[in-house]
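Just so it is clear, none of the values below were taken in a lab; they were calculated from the coordinates. What you see is a predicted model; the values in this text were computed from it and never measured. Cβ coordinates were reconstructed from backbone atoms using ideal geometry, including for glycine residues, and neighbour counts include every protein chain displayed.
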């Protein structure tokens with residue numbers, strides 16, 4: 001299935017069909033999740049209404065990790081298989097992952113202030129997620145730092161792969177170190193320890209964020225393919241150089257002194 | 001009665017600032033990202049359509 005989709009023309013066809021469905025589904029599930037989280041979910045017996053921040057903080061954190069994992073796998077595929085779609089997928093995912101990480105950090109801060117009495121503490125979980133945010137930004141900056149697109153993509157792919165070490169550190173930071181952050185209560189051995197009335201809206205919000213990620217990913221990958229094709233067309237559409245009858249040389253390939 | 005219930009809901013048990021700020025940040029970040037990605041997608045499609053329908057130029 002993945003290898004069949006790996007043809008850019010087929011990818012454009014399939015993604016063009018999937019795009020409106022994914023967009024509509026993510027909007028619908030997000031609406032359901034928001035109403036559930038803000039109106040129907042019960043307040044916590046200790047944290048009161050502030051617990052409603054959890055319904056965006058926790059799914060954003062999950063997506064921050066999963067999008068990075070996706071980006072790393074796509075980068076690995078790009079390095080090994082040299083397939084342009086893998087590279088495009090990794091680069092399309094990076095800003096989405098950075099956005100989810102930013103939402104996770106901001107909502108965590110807004111939740112920490114009333115519950116812990118501090119906007120920020122330099123504890124293992126918070127610091128490792130901040131590192132994740134900088135990994136996303138570093139990846140985006142590195143990819144765009146080269147004039148030669150393929151070199152930037154390769155450098156970015158290496159960074160994305162090296163950064164994978166951070167993922168288990170984030171996941172297990174709450175078990176390895178004494179932190180203020182509470183340990184996992186949903187994805188843990190022995191099943192979740194959270195009440196159904198809170199778990200369900202949490203999962204709905206997680207599904208909404210996943211659909212949103214899928215929609216944004218396809219949208220950004222299609223944009224990248226469109227722009228690459230447009231760039232190629234613009235180069236070939238240039239009229240042949242007079243007298244030579246040869247195809248025009250690419251402006252980037254021409255030495256600067258000429 | 002209804003107004004009171006809405007005001008009670010908006011107050012979020014005294015955590016109104018934190019809860020609504022958190023949801024506002026999420027809406028701004030994800031909504032902004034979605035808007036700009038959607039707009040760039042549309043622009044890239046339009047640009048490609050312009051390039052692939054040549055006026056009278058040569059086309060292989």
query = Debye sum, Cα scatterers, region A:1-61, no solvent: what log₁₀ I/I(0) at q = 0.14, 0.27 1/Å?
reply = -0.60, -1.06
query = Based on the Kirkwood radius over alpha-carbon pairs, what is the Stokes-Einstein translational diffusion coefficient of region A:98-194 at 37 °C with 0.692 mPa s viscosity, in µm²/s?
reply = 217 µm²/s
key: Binned Cα-Cα distance frequencies in chain A - 10 Å width, integer %   = 6, 25, 29, 21, 11, 5, 3, 1, 0
inquiry  = Helix B:16-52 against the longest principal axis of chain B: what's the angle in degrees, Cα atoms only, rounded to the nearest 10?
reply    = 10 degrees
ask   = Just the projected area, averaged over all directions, of the convex hull on the alpha carbon atoms of region A:32-92: how many nm²?
value = 5.4 nm²
key: Over region A:119-244, relative contact order from alpha-carbon pairs under 8 Å, at least 6 apart, %   = 20 percent
key: Shielding by other protein chains, A:106-114, mean Cβ within 10 Å   = 5
key: Radius, Kirkwood style, for region B:2-52 when every pair of distinct Cα atoms is counted (Å)   = 13.9 Å
note = Per-residue average of other protein chain Cβ atoms inside 10 Å, peptide A:91-102 -> 2
query = Relative to the longest principal Cα axis of chain A, at what angle does helix A:149-162 sit, 0 to 90 degrees, rounded to 10?
reply = 30 degrees
Percent RCO, i.e. relative contact order, over chain A, from Cα pairs under 8 Å lying at least 6 residues apart = 28 percent
task = Go through B:39-52, A:208-221 and give me the packing order, highest mean Cβ count within 10 Å leading.
result = A:208-221, B:39-52
D_trans [Stokes-Einstein, Kirkwood Rh over alpha-carbon pairs] for region A:1-146, 25 °C, 0.890 mPa s, µm² s⁻¹ = 139 µm²/s
message = Nearest 10 degrees is fine. How inclined is helix A:8-35 to the longest principal axis of chain A, computing both from alpha carbons?
response = 20 degrees
